[in-house]
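Read the structure below first, then the notes.
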């Protein structure tokens, strides 16, 4: 199994709101899509990292049902191997 943690990054004077997805294999930061709610933005960020790392070969696709909130209010997505 693998996990992707998604953290919300608030806007600054020079950058808008963003979401950063992190996993043992790397990270990616995407701008917030204001047409989507927070949960969907988190899923978009996690999916972008999932695809960047090439995990679609080994793991099932991500969904909101595979997510949960950590004590620090970040969201985590749990990946399961294909065939399980």
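The values are calculated or read from the model by the stated rules, or taken from the named source; none is laboratory data. Because the structure is predicted, anything quoted here is derived from the model rather than measured. Note that each Cβ is placed from the backbone with ideal geometry, even for glycine, and that neighbours are counted across all protein chains shown.
Listing for the model above:
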read-out	value
Selection from the stretch 43-79 of residues that are touching a helix residue (DSSP H, G or I) at 6+ places or on another chain (Cβ under 7 Å) and surrounded by fewer than 17 Cβ atoms within 10 Å (Cβ to Cβ)	56, 64, 78
Unique residue being modelled with pLDDT of 95 or more and under 22 Å from residue 81 (Cβ atoms) when the list is 30, 4	4
Sole residue being in a loop (DSSP other than H, G, I, E, B) and under 12 Å from the mean Cα position of the chain (by Cα), chosen from 49, 62	62
Residue check for residue 36: surrounded by 15 or more Cβ atoms within 10 Å (Cβ to Cβ) and either touching a helix residue (DSSP H, G or I) at 6+ places or on another chain (Cβ under 8 Å) or not in a strand (DSSP E or B) (or both)	no
Filtered residues of the stretch 1-33 (kept if part of a strand (DSSP E or B), out of contact with any helix residue (DSSP H, G or I) (no Cβ under 8 Å at 6 or more places or on another chain) and closer than 14 Å to residue 67 by Cα)	3, 5, 7
